[in-house]
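Novice: My questions will all concern the structure given below.
The values are calculated or read from the model by the stated rules, or taken from the named source; none is laboratory data. Here the structure is a predicted model, which means the values were calculated and not measured. Note: ideal-geometry Cβ built from the backbone for every residue, glycine included; neighbour counts use all protein chains shown. Just so you know, the surface numbers come from the protein's heavy atoms only, side chains and all, with ligands and any DNA or RNA stripped out. Shrake-Rupley method; radii C 1.70, N 1.55, O 1.52, S 1.80 Å.
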Amino acid sequence: MRFLIFSVALSVLMPAIANAGLDKQLDKFSQDPQWRALLHYPRSGAQSYVDDPRFFLSPSGHLDPLAELQATRREFISQPLRRCDYPARAQWLVDRSLIPASAPVCDEYREWRETLDVQQVSLVLAASYLNSPSSMYGHTFLRFTPGGDRSRSDFLAYALNFGANIPPGENDILYAYRGLFGGYPGLFSMQPYYQKIQEYSRLENRDMWEYQLNLSVAEMDRLLRHVWELRDINFDYFFFDENCSFRLLELLEVARPGIDLTSPFEYAAMPVDTVRAVVDAKMVDEVKYRPSKRLELETLLETLSESEQEWVRRLAAGEVDELDSALAQSRQAQIVFTAYRYLRYQSNRDVRSEEVAERSLRLLRQAKALQAADDIAVTPPARSDFGHRTSLLAVNAGWRDLSDASAQASLAYADLNYRISYHDALDSQSGYPPGATLVMGDINLRWQEREGLRLQEFTIMDIRSLSPRDEFFSPISWQVNFGLERLDDAPSQPLVAQLSAGGGVSTKWLGGIAYAMPGVRMEYNSDFREDWRLAPMVNIGQVWQGAVLSAELAARWMDFSGAGQRKQLSATANYAYQADRAWRLQLDYRDQPWGDSLGVEFSWRRFF
């Protein structure tokens, strides 16, 4: 009798004991970093980055990794075919014996994997592109390279891209606003790799760097399984943090369990910084460089004399069909091939014209007949990840001599300067595009004699793109700057809100870039006789950029009509004594309506 009672009690209690053990096991596994990575939970956060409820099998899965684990296990046991939608999760549960190892046949997933036949994965960085708000800091995506003979062709590789899903014809201002503050869904998408080459290298003239990753077969399997799970899944897209680069780091964390790539980038993820993090994590075996089509063309033109370049221009324009026969065949071949590439460059964005197509084909045939070599030896610039880091802390000390003797005759000051990102034209040019200034979130606090500590300047955005023009290229140089600025040489030193913008031309001159850009400046300050002021403005100057030494001579003129004219001359030199450290010296002279002044400022700059 006692044995019977014991057996009945045991049969009742065993399932409860087993369930208690399972619950404890699931609770422990739900905090596994790999499970959290599969659900896109931040390392220190309590809510998943995924904003699409279709991704979760529990209604509270975006907030509760345990609930999602319990729901996933139940779903996979009751409906085994659901594993085909979540192959990475399914494998993770199998590896921990939480579901049976026997797997259903997933035809669609299997065909997708066979089509891709991924044998190598590369992280690709397309250089920054100032004319596109979403690409100003560069762009990253993954390249999937197939195996065997297919590995030799870019046409057979695929690109995995994460980007904002933007409606056609979106207003530029709305685009910038929603990109900064949210409003666009972000999606992963797959496309042939050659389309990305056309987009970046040919149409936008951006260099591309391919960082070949040393993922094992198992790691690539995990990566691809998870990519499959993310089909059509929405994430909120933000330019600065939840962007293309951050999402790729999450994928790499899934691929290689235990690695932490995302923690440093939860508030801002600059593409080049994320690439640097992947390199530092020793996930890169080899780096390949793909120059832009424009850089290839510039390289070809540099090998030609002025008279030969004139032949290039005339051949491409269709002004002549034949070259001077007195030229050596090798020179003819170089000229004709360059003319062909120049014509292709000119017509990249144009609607296909029959006349241009015929001229292009004629030049190509001539180049082939002359046995022109079609390989172009472009000298690679410094790798983007070798450049200085993107945030800056600087300490400045300065002194200004004022002509107005009724006020103080001179003032000394010290500044603490912090910049969120990214690069100005005088920073070490190594790894950054020439002629580019892209500064966001630059704040300058100043301690000044008799005034104490106060805000001196807050630059929300400062962009300057110097694109030299010549006989073959005619881009527009432009600039825009807005934020708060204290007029430190004025009697009351007012803090004004200002917006400056302009466009003009620049050209290579004296080993640097000379520029002239007219524009306008708008200022607001309630202490002014008129709150708002508008002035035409002209900026001219010459900048020399280098990896170690950079310098700029600049002049600015503004006319505020009844409020007078402001003129400024400045000379600035930057010495980068290490990759992330520099000294900077600036001298300037100002002729303002309230008097003239002479200033000198010395800075120590540290990038991090």
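Novice: For the stretch 261-383, with only Lys/Arg (+1) and Asp/Glu (-1) charged at the beta-carbon, what is the dipole magnitude about the Cα centre, in debye rounded to 20?
Specialist: So the magnitude is around 260 debye.
Novice: About its Cα centre, how strong a charge dipole does the stretch 96-149 have in debye, to the nearest 20, once Lys and Arg get +1 and Asp and Glu get -1 at the Cβ?
Specialist: 320 debye
Novice: Among 534, 560, 573, which residue has its Cα furthest toward the positive end of the charge dipole of the stretch 488-608, with +1 on Lys/Arg Cβ and -1 on Asp/Glu Cβ?
Specialist: My answer, from the dipole projection, is 573.
Novice: Can I ask one more? Using only Cα atoms, tell me the angle between helix 107-116 and the longest principal axis of the chain; keep it within 0 to 90° and round to the nearest 10.
Specialist: Computed tilt is about 40 degrees.
Novice: Here is a follow-up. Starting from the alpha-carbon convex hull of the stretch 468-511, give the projected area averaged over all orientations, in nm².
Specialist: Its Cα hull, projected and averaged over all orientations, spans 4.8 nm².
Novice: When we measure straight from the Cα of residue 368, which aspartates and glutamates land under 17 angstrom away, once same-chain ones fewer than 8 places off are left out?
Specialist: Cα-Cα hits under 17 Å: 321, 322, 358.
Novice: Related question: Provide the FRET efficiency to the nearest 0.05 for the residue 217-residue 191 pair, computing r from the beta carbons and using R0 = 25 Å.
Specialist: The formula returns an efficiency of 0.55 here.
Novice: If the cut-off is 18 Å between C-alpha atoms, which aspartates and glutamates fall inside it for residue 282, apart from same-chain ones fewer than 8 positions away?
Specialist: Reachable aspartates and glutamates: 210, 219, 250, 253, 260, 273, 385.
Novice: Rounded to the nearest Å, what's the spacing between the alpha carbon centres of the stretch 86-144 and the stretch 175-204? Just the number, please.
Specialist: Rounded to whole Å, the Cα centres lie 17 Å apart.
Novice: Okay, next question. Assigning unit charges at the beta carbon (Lys, Arg +1; Asp, Glu -1) and nothing else, what dipole magnitude in debye, to the nearest 20, does the chain show about its Cα centre?
Specialist: The dipole of the chain has a size of about 1260 debye.
Novice: Sort 299, 140 by heavy-atom solvent-accessible area, probe 1.4 angstrom, most to least.
Specialist: Ranked from most to least accessible, the order is 299, 140.
Novice: If you don't mind, there's one more thing I want to ask. Can you give the accessible area per residue of the stretch 266-360, in Å², using a 1.4 Å probe?
Specialist: 52 Å²
Novice: Name the residue from 130, 278, 203 whose Cα lies farthest towards the positive end of the charge dipole of the chain, charges +1 on Cβ of Lys and Arg and -1 on Cβ of Asp and Glu.
Specialist: 278
Novice: Every cysteine in the chain with no other Cys Cβ under 4.7 Å from its Cβ, please list them in numeric order.
Specialist: 244
Novice: Hey, another quick one. Rounded to the nearest 500 deg cm²/dmol, what is the calculated helix-only ellipticity per residue at 222 nm for the chain, with -39500 (n - 2.57) per DSSP H run of length n ≥ 4?
Specialist: Rounded to the nearest 500, it is -9000 deg cm²/dmol.
Novice: I'd like the distance between the alpha-carbon centres of the stretch 288-313 and the stretch 440-512, rounded to an integer number of Å.
Specialist: With the stretch 288-313 and the stretch 440-512 each reduced to a Cα centre, they are spaced 33 Å.
Novice: Under the rule of at least 5 residues apart or a separate chain, name every residue whose amide H is placed under 5 Å from the amide H of residue 159.
Specialist: Answer set, sorted by chain and number: 144, 191, 193.
Novice: Separate question: With every protein chain present, what is the per residue accessible area of the stretch 498-608 (1.4 Å probe, Å²)?
Specialist: Per residue, the stretch 498-608 has 52 Å² of solvent-accessible surface.
Novice: Considering only DSSP states other than H, G, I, E and B, which chymotrypsin sites (Phe, Trp or Tyr not before Pro) in the stretch 250-325 qualify as loop sites with at most 16 other Cβ atoms within 10 Å?
Specialist: Those that pass, being in a loop and sparsely packed, are 267.
Novice: With a 1.4 Å probe and every protein chain left in place, work out the accessible area per residue of the stretch 82-230 in Å², rounded to a whole number.
Specialist: Result: 43 Å² of accessible area for each residue.
Novice: Here's something else I'd like to know. Give me, ordered by chain and number, the residues 5 or more places off residue 461 or on other chains with an amide H under 5 Å from its own placed amide H.
Specialist: 441, 482
Novice: By how many degrees, between 0 and 90 and to the nearest 10, does the Cα long axis of helix 354-369 differ from the longest principal axis of the chain?
Specialist: The two axes meet at around 90 degrees.
Novice: Separate question: Run down the lysines and flag those whose C-alpha is under 26 Å from the C-alpha of residue 288, throwing out any fewer than 8 positions away in its chain.
Specialist: Within the straight-line limit of under 26 Å, residue 288 reaches these lysines: 196.
Novice: Ordering 548, 278 from largest to smallest accessible area (1.4 angstrom probe), what's the sequence?
Specialist: Heavy-atom accessible area, descending, gives 548, 278.
Novice: Could you calculate the contour length gain from residue 583 to residue 368, that is, 0.36 nm times the residue separation minus the distance between their Cα atoms, to one decimal place in nm?
Specialist: Working it through step by step, the gained length comes to 72.2 nm.
Novice: Would you be so kind as to identify which of 193, 53, 325 lies farthest towards the positive end of the dipole of the chain, taking Lys and Arg as +1 and Asp and Glu as -1 on Cβ and the Cα centre as origin?
Specialist: Of the options given, the answer is 53.
Novice: While we're on this one: How large, in percent, is the carbon and sulfur part of the accessible surface of the chain at a probe radius of 1.4 Å?
Specialist: In the chain, the share of accessible area belonging to carbon and sulfur is 55 percent.
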